[in-house]
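Here the structure is laid out as structure tokens; the discussion comes afterwards.
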Amino acid sequence: MIRLFALALIAAFALAAPAQAQDALPQGFYGTFNGLGLAETMADGKVVEVKPRDFDVVIAKAADGGFTVTWKTTEYTIKPRRSRLDAADESVTFAKSDRPGLFSEKKAVDLAGGDPIYWARVSNNTLDIYRLALNEEGRHELAVWQRTLDGDQINLVFQRSGETSNARVVKGTLSRIKP
Amino acid sequence: MRVVLWLALLFVALLPAPARAQDAKLSEFAGTYQGSGVAEGRDNVFFTIVARDLDTTIRPKDGGFDVTWTTITQGTTRGQRVVRKSETVSFAPGGKPNVFRAATPVEPMAGQPYYWARISGRTLTVYAMTIAPNGAYELTSWARTLNGNGMDLTFRRLSDGEAVRTVRGKLIKIAP
């Protein structure tokens, strides 16, 4: 009876546990992933444009419990006589910060001078990467990539907001192609 | 002759870009301002910010400026009193026309606010970005637009992209 009560207590605590900040990226995130998604551009709260996107992401271990995320996005514009591909890539190495579950670049950045600030949050099976950047006029753009691990898949939600362009939401799924 | 012309063009191209002609000069914002406003929060509670609560002083200095202002925060529980806090931040030129960086470097991952400012048209906007212990960000902005006898203020606070509070007010210039 006591054992049953203890098990019930453990189960109750496990269910009630909120998202916990973690000091390390879960092992399942490491690898090479690719996938597809849709980018929705918003204006005045309405979707005004939808474009397909390809995603390639490589997540690798870095020194002292940190990690490097390298990603490439290819966006398709499909219009008669004006179809084109736009690709962008980024690579950021995150190191542990003094706060649990938070990671940042180890270098000093000059936001007003044009450097973006990156930071990351690891919580359960979700990795959030934030980027704050300013344009030439000092207007800001905030981007968040939320990657949630589900077995060998990553569900991606990207959100861009700020003063430089229309808000954008991208949702997609990536599958592991290499460990 | 052609070489001289090319060198002159290269020299002009390498000069820092000038501030846009339509933008107000920093000196136009200098002064002490006093005013009042109305705040609107996510909780749909409206409250009036009484006179003097939006005091602002702007002093140009070494190509940048010092700004002192009052921050207004309200407790989340009904009946909690409004807390007013005065703050001064020094800004230095940011390397781009009419963009300014905080004169003192900070460590955003330690929770210190990262400030920057810009002038666009008749508006001086000061921003503060803070990273919370859980990684979420809070972005606060004070947009001060020159009008005939003072400034219109729009204060906004976003938490992880969600609007938390907006204050709109009017300030009168009481001292140069």
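The values are calculated or read from the model by the stated rules, or taken from the named source; none is laboratory data. These figures come from a predicted structure and were not determined experimentally. No Cβ is skipped: glycine too gets one built from the backbone with ideal geometry, and neighbour counts run over all protein chains shown. For accessibility, only protein heavy atoms count, side chains too; no ligands or nucleic acids. Shrake-Rupley method; radii C 1.70, N 1.55, O 1.52, S 1.80 Å.
Observations on the structure shown:
- Among the residues of the stretch B:97-121, those identified as closer than 17 Å to A:G101 by Cβ and either crowded, with 17+ Cβ neighbours inside 10 Å or more than 10 Å from chain A (Cβ to nearest Cβ) (or both) are B:P108, B:M109.
- Meets criteria (farther than 19 Å from B:T32 by Cα, among the hydroxyl-bearing types (S, T, Y) and touching a strand residue (DSSP E or B) at 6+ places or on another chain (Cβ under 8 Å)) for B:T123: no
- Against the numbered list (1) open to solvent by 30 Å² or more (accessible area, probe 1.4 Å); (2) at pLDDT 90 or above; (3) within 12 Å of another protein chain (Cβ to nearest Cβ), B:G63 comes up short only at (3).
- A residue that is open to solvent by 40 Å² or more (accessible area, probe 1.4 Å), over 27 Å from B:T125 (Cβ atoms), away from chain B (no Cβ under 11 Å) and of a type in the set (K, R) occurs somewhere in the stretch A:164-177.
Every residue, every condition in (1) over 27 Å from A:G31 (Cβ atoms); (2) crowded, with 17+ Cβ neighbours inside 10 Å; (3) facing chain B (nearest Cβ under 7 Å), yes or no:
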{"position": "A:R99", "(1), (2), (3)": "no, yes, yes"}
{"position": "A:E105", "(1), (2), (3)": "no, yes, no"}
{"position": "A:D115", "(1), (2), (3)": "yes, no, no"}
{"position": "A:Y118", "(1), (2), (3)": "no, yes, no"}
{"position": "A:G138", "(1), (2), (3)": "yes, yes, yes"}
{"position": "A:Q153", "(1), (2), (3)": "no, no, no"}
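- Meets criteria (under 24 Å from A:I117 (Cα atoms), in contact (Cβ under 8 Å) with a residue 24 or more places away in the chain, hydrophobic (A, V, I, L, M, F, W, C) and open to solvent by 10 Å² or more (accessible area, probe 1.4 Å)) for B:A92: yes
- Checklist (1) within 11 Å of another protein chain (Cβ to nearest Cβ); (2) open to solvent by 60 Å² or more (accessible area, probe 1.4 Å); (3) without any contact (Cβ under 8 Å) to a residue 40 or more places away in the chain applied to A:L85, failing item: (1)
- Single match in B:L171, B:L124 (criterion: surrounded by 19 or more Cβ atoms within 10 Å (Cβ to Cβ), within 11 Å of another protein chain (Cβ to nearest Cβ) and not polar (S, T, N, Q)): B:L124
- Unmet requirement for A:T93, which otherwise passes all of (1) within 11 Å of chain B (Cβ to nearest Cβ); (2) buried (at least 17 other Cβ atoms within 10 Å of the Cβ); (3) touching a Phe, Trp or Tyr at 6+ places or on another chain (Cβ under 9 Å): (1)
- Residue, nearest to the other protein chains (Cβ to nearest Cβ), within the stretch B:154-167, restricted to residues that are over 20 Å from A:A143 (Cβ atoms), more than 10 Å from the chain's Cα centre (by Cα) and crowded, with 18+ Cβ neighbours inside 10 Å: B:R165
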